[in-house]
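One structure is given below, encoded as structure tokens.
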Amino acid sequence: MTKRKLLTFALSGTIQEEEKELTLSIFLRLFFIKFYLLGLYIGLVTIVFGLGEFSNIEQRAGSSIVHTFVNFIVLAPILEELIFRNHLNLKLENMVLALLLSIILFWGDWFIVILLWYFILVGYTRIRKIFISRLLLIYSSSIIFAFAHHYQIIDWNNSGTIVDFFLKSVPQFIGGLFYCYIYFRNGVIVSMLFHAFWNLLPFLSECLRIAS
């Protein structure tokens, strides 16, 4: 049932009111569906390209467990949901907040140009009252969310890094779709909590690296 609702959301961007009830069972079910899909994708890529393709997927969070916890479990879920999801309701205050946070976090990187153009275009459609489908917003924000995680590895003179970028970005794109579903289903606070819960996986992995 949950998988069918996710598929309906991915194809139409719609959520029925009766499916917005949140329970621990549904929360965990969503987590394991995401885990299954990403595990399947990583397994296929590993078979084709080798295990090294997914080494060092997450950016290093720091040299201490406390610093790593703050980055993975606190800052990343809050800031990323505020930038990449919370503006999807097209409320002006949420769009302005997302834009300001983007400028603060990405200023000095060429990626800020993409973010600025994205928010300018979305803001323009809102001001001019131009219809923009929810589905377009969902996929656009998920693509940019994925882009934000790995754009640093791109060397436009090296096609290998571009292929590497696309392969590594797919998990974040899938994650972006899940966070969008949860955002429209239960709001930004729940999407932050789900994001933080998911980040326990890279957090524990990073803790093992630090400990060793």
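The values are calculated or read from the model by the stated rules, or taken from the named source; none is laboratory data. Everything quoted here is computed from the prediction, not taken from an experiment. Counting neighbours? That spans all protein chains shown, and the Cβs are built from the backbone with ideal geometry, glycine included.
Key figures for this structure:
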quantity: First in segment 100-116 and in contact (Cβ under 8 Å) with a residue 24 or more places away in the chain and closer than 18 Å to Ser142 by Cβ, second anywhere and of a type in the set (Phe, Trp, Tyr) and surrounded by fewer than 17 Cβ atoms within 10 Å (Cβ to Cβ), Cβ under 8 Å, 6 or more apart; calculated: Phe111/Tyr151
quantity: Check on Ile189, of a type outside the set (Ser, Thr, Tyr), at pLDDT 95 or above and touching a helix residue (DSSP H, G or I) at 6+ places or on another chain (Cβ under 8 Å); calculated: no
quantity: Selection count, segment 12-34, where residues are in a helix (DSSP H, G or I) and either touching a residue at least 12 places away in the same chain (Cβ under 8 Å) or in contact with a His (Cβ under 8 Å, 6 or more places away or on another chain) (or both); calculated: 9
quantity: Out of Phe131, Phe145, sole residue that is free of Cβ contacts under 8 Å to residues at least 12 places away in the same chain and among the aromatic types (Phe, Trp, Tyr); calculated: Phe131
quantity: Failed item, numbered, when Cys180 is tested on (1) closer than 30 Å to Ser64 by Cα; (2) crowded, with 17+ Cβ neighbours inside 10 Å; (3) modelled with pLDDT of 95 or more; calculated: (1)
quantity: Number of the condition not met by Asn86 [criteria: (1) at pLDDT below 95; (2) within 18 Å of Leu177 (Cβ to Cβ)]; calculated: (1)
quantity: Where a residue in segment 76-93 is at positive phi and its partner, wherever it lies, is not small (Gly, Ala, Ser), with Cβ under 6 Å and at least six apart; calculated: Leu90/Arg126
quantity: Of the criteria (1) touching a residue at least 12 places away in the same chain (Cβ under 8 Å); (2) under 21 Å from Ala146 (Cβ atoms); (3) crowded, with 17+ Cβ neighbours inside 10 Å, which one Asn71 fails; calculated: (1)
quantity: Within segment 126-201, helices (runs of 4 or more DSSP H) holding 3 or more residues that are over 15 Å from the mean Cα position of the chain (by Cα) and under 18 Å from Asn86 (Cα atoms); calculated: 134-150
quantity: Subset of segment 33-42 (residues that are surrounded by 11 or more Cβ atoms within 10 Å (Cβ to Cβ) and either out of contact with any helix residue (DSSP H, G or I) (no Cβ under 7 Å at 6 or more places or on another chain) or among the aliphatic types (A, V, I, L, M) (or both)); calculated: Ile33, Phe35, Tyr36, Leu37, Leu38, Gly39, Ile42
quantity: In segment 12-21, the residues that are at negative phi and surrounded by 16 or more Cβ atoms within 10 Å (Cβ to Cβ); calculated: Ile15
quantity: Test result for Leu30, in contact with a helix residue (DSSP H, G or I) (Cβ under 7 Å, 6 or more places away or on another chain), loosely packed, with under 15 Cβ neighbours inside 10 Å, more than 24 Å from Gln152 (Cα to Cα) and modelled with pLDDT of 90 or more; calculated: no
quantity: Residue match in segment 58-80 (condition: in contact with a Lys or Arg (Cβ under 9 Å, 6 or more places away or on another chain) and at pLDDT below 85); calculated: yes
quantity: Every residue from segment 163-190 that is over 24 Å from Thr2 (Cα atoms) and in contact with an Asp or Glu (Cβ under 8 Å, 6 or more places away or on another chain); calculated: Asp164, Leu167, Lys168
quantity: Subset of segment 77-102 [crowded, with 20+ Cβ neighbours inside 10 Å and outside any loop (DSSP other than H, G, I, E, B)]; calculated: Pro77, Glu80, Glu81, Ile83, Phe84, Asn86, His87, Leu88, Ala98, Ser102
